[in-house]
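Here the structure comes first, spelled out in structure tokens, and everything after it is commentary.
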Amino acid sequence: MDQGRHGVALFGLGRIGVEHFKNMLSHPGLSLLWVIEQDIQRAKDILIKFQQCNSTKITTPAEDAQVFADERVHGIVVCTPSFTHVDIILKAVKAGKAIFCEKPVSPTLEGVMQVYTEAQKQKIPLFCGFNRRFDQQIRKIHDYAQDGRVGKIHVIKMCSRDPAGKTATPEYYKNYGGFPNDSAVHDIDVVCWLMKERPISVYAVGHAHTSDYVAMGDVDTLVIVLNFPSGAKGIIDMSRNSPYGFDQRIEG
């Protein structure tokens, strides 16, 4: 590993894991030392494609002890299914590794509180990947809201729609936690961030218009209403069946 670089291990090479994989390869301050992936052949194929076979090792989740014992590893990136996050994070905290974890940190509130409490106790950085807070346009809206340039907020409307036919693999959906946990958390986070409040009540209604989501017992269309202590309302409409493509908007 080159001097001055931080050694990193990547857990999971699914959809978002591959994106983080590519980002880490292009970052001048990082060295990707390990990939931890259940599907070894998939990991090998990706490493071959990006010519990483000589610099990145592969192992499975069952053999991850060697990763946490590797003193060259300064931090980990967690992109595995949500139900695995707590176990991986607690191992990393114990090993003294910094952690970037894709949302949600845990499918349960108890799990979220457990890992953050332990990370704070051990003074280990634990960062949850709510990427929209770093979007330049959303940050500008946030700054305008905080310094009063938009006045008092009465209503925030968010639209979050994905293209039709972009359903992930059945394996992904077995443990992903449903549309609200997997996707709506981004929008809820942004609305609360802009409002600087937490809602006192939440109402949500959804429906599955496509057979894939009916079969999974999930919804592809979702509307959420957040009621804040100030009296302001947050309204989020979401779809995974948008025929015209991606649509991400914030209105006040």
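Could you sort out which of Lys57/Lys91; Lys49/Lys94; Lys49/Lys121 sit more than 30 Å apart by Cα distance in this structure? Present the calculation step by step, with values, prior to reporting the outcome.
Numbers: Lys57/Lys91 19 Å; Lys49/Lys94 34 Å; Lys49/Lys121 41 Å.
Lys49/Lys94; Lys49/Lys121, as the Cα separations exceed 30 Å there.
Round to a whole angstrom and tell me the spacing of the C-alpha centers of the range 1-70 and the range 109-129. Cα centroid of the range 1-70 versus Cα centroid of the range 109-129: 23 Å apart.
From the residues Gly165, Met195, Val223, which one has its Cα farthest along the dipole of the range 150-251 in the positive direction, the dipole being from +1 and -1 charges on Cβ of Lys/Arg and Asp/Glu about the Cα centre? Selected residue: Met195.
Taking a straight Cα-Cα cut-off under 26 Å and skipping sequence neighbours fewer than 8 places away in the same chain, the lysines within cross-link reach of Lys152 are Lys140, Lys196, Lys233. Using only side-chain charges placed at the Cβ, +1 for Lys and Arg and -1 for Asp and Glu, the dipole size of the range 6-129 relative to its Cα centre rounds to 240 debye.
Counting Lys and Arg as +1 and Asp and Glu as -1 over every other residue whose Cβ lies under 11 Å from the Cβ of Ile124, the net charge comes to +3.
The residue among Gly12, Cys101, Pro61 whose Cα reaches farthest toward the positive pole of the charge dipole of the range 1-146, with charges on the beta-carbon of Lys, Arg, Asp and Glu, is Cys101.
Summarising the label geometry, the points placed 7 Å from Cα in the beta-carbon direction at Thr60 and Ile40 lie 0.7 nm from one another. Helix 15-26: angle to the longest alpha-carbon principal axis of the chain, degrees 0 to 90, nearest 10? Approximately 60 degrees, to the nearest ten.
Determine the dipole magnitude for the range 150-251: charges of +1 sit on the beta-carbon of Lys and Arg, -1 on that of Asp and Glu, nothing else is charged, the reference point is the Cα centre, and the result goes in debye to the nearest 20. Can you show the working numbers first?
Numbers: 10 positive and 12 negative charges, 78 e Å.
That gives a dipole near 380 debye.
Of the Cα atoms belonging to the chain, the radius of gyration and Dmax stand at 19.7, 58 Å.
Values quoted throughout were computed directly from the atomic coordinates according to the rules given, and no laboratory measurement underlies them. It should be emphasised that the depicted structure is a prediction, and the values quoted were computed from it without experimental measurement. A quick note on method: Cβ atoms are made from the backbone with ideal geometry, for glycine too, and the neighbour counts reach across all protein chains shown.
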